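The values are calculated or read from the model by the stated rules, or taken from the named source; none is laboratory data. Worth saying up front: this structure is predicted, and the values here are computed from it rather than measured. Cβ placement follows ideal geometry from the backbone for every residue including glycine, while neighbour counts extend to all protein chains displayed.
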Amino acid sequence: MSEFEHGYPFDPAYGRTLDELLDIPAPAPPDGFDAYWQGRFAAAAGVATAPAVGPQEDERDGCRIFGVSYTSVGGLRIGGWLVLPAEGPAEHGFVIGHGYGGRQEPGAEVPLPLPRSAAILPCVRGMGSRSRRPGIPGEAEKHVLYGIESRETYVIGDCVADLWCAASALLELVPELRTGAETESGTGGDAGARLGYAGESFGGGLGALALPWDGRFACGQLTVPTFGNHPLRVTLPCVGSGEAVRAYHEEHPEVMDVLAYFDAATAAGRIEVPMMVAPALFDPAVPPPGQFAVYNALPDRRELRVLRAGHFEYEGESADVAALAEARREFFAARLG
């Protein structure tokens, strides 16, 4: 029984105990999984991102906030925000993904996970207030289906590339972060790297897909990550983008051949850097079995912070959010500080 009262026509805990959730595996990779993603990273790494910084828009929490844009794969300009220390040089850097509601402005991401940091907060293509593009739906339920007919056209692959190009743009704009941070693709990072990744929900799933192939990141933190264990996810009713994919699969079962290349749990098994994952026991939008599949797949150097609920308001939520923020700070401080 869930600890929460709710009005959903399904159980957002999906009848699983914590022990059962910790036993959920990742699907086996499809043929050519690694080569596919290595090729996509190589293409993104070759993009001249040409970042452009706008006027300062805000200053708070020890940070100066600017508008920023950069070029990603396909020549698309991606918008977002650049965050710099109010005083002194940046000592570490972050790329911070957003949820499937998009990013309308820098919100809870500032203050950054660590002081004296620089970060890019991108709006991936089609999403948020700064990367709306003609032809790419901005609503989560439509965006998640855009180009889903093939792995070459599926928008999720390009959104992952938007994160890689964000890292390239950040390193160009804040060159003091370059030392030791650029390695060959697929090496999983090195001791000198000073880039961290943080992402929640949609941004958590994208992060799991991005991190195995980009050695510039030293560590990552994922909260209620989506896209984990697609074969199981499409059997679980939910709300939002996940339900859109489930409904599409009912009419087009062959889509599993495409989704296999975009499984966050499968990708997580290839992440070699330290990770902290915060999956939820109760979540109507991102079924917890998929979230835990991402954590379970991580090979080692992993930390688990179990949340009571995700995508759901409840009494005591603010205290739980604050506790996770402190745990995230400690995690990054130990690896980037």
With surrounded by fewer than 24 Cβ atoms within 10 Å (Cβ to Cβ) and modelled with pLDDT of 95 or more as the only criterion, which of LEU206, LEU173, LEU163, LEU195 stands out?
LEU173
Go through the stretch 290-337 and give me each residue that's part of a loop (DSSP other than H, G, I, E, B) and farther than 13 Å from VAL224 by Cβ.
LEU298, PRO299, ASP300, ARG301, GLU313, TYR314, GLU315, GLY316, GLY337
Need pairs with beta-carbon distance below 7 Å; first residue within 15 Å of GLY290 (Cβ to Cβ) and in contact (Cβ under 8 Å) with a residue 24 or more places away in the chain and within the stretch 1-25, second surrounded by 12 or more Cβ atoms within 10 Å (Cβ to Cβ) and small (Gly, Ala, Ser); sequence gap 6+ or separate chains.
PRO12/SER2; ALA13/SER2; ILE24/ALA293; PRO25/ALA293
Quick one: count up the residues across the stretch 30-48 that are in contact (Cβ under 8 Å) with a residue 12 or more places away in the chain and over 20 Å from the mean Cα position of the chain (by Cα).
3
Any residue at all in the stretch 118-130 that's crowded, with 21+ Cβ neighbours inside 10 Å, over 15 Å from the mean Cα position of the chain (by Cα), within 19 Å of CYS219 (Cβ to Cβ) and in contact (Cβ under 8 Å) with a residue 24 or more places away in the chain?
yes
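Inspect all residues belonging to the stretch 151-167 and state whether any of them is in a loop (DSSP other than H, G, I, E, B) and free of Cβ contacts under 8 Å to residues at least 40 places away in the same chain.
Yes, that holds for at least one residue.
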For the stretch 56-71, pairs from a residue that is under 23 Å from ARG133 (Cα atoms) and touching a residue at least 40 places away in the same chain (Cβ under 8 Å) to a residue that is among the aromatic types (Phe, Trp, Tyr) and in a strand (DSSP E or B), with Cβ under 9 Å and 6 or more apart or across chains, are GLY67/TRP81; VAL68/TRP81
PRO51: in contact with a helix residue (DSSP H, G or I) (Cβ under 8 Å, 6 or more places away or on another chain) and closer than 15 Å to LEU173 by Cβ, yes or no?
yes
I'd like to check something: does the stretch 242-260 contain any residue that is surrounded by 21 or more Cβ atoms within 10 Å (Cβ to Cβ) and of a type in the set (Gly, Ala, Ser)?
yes
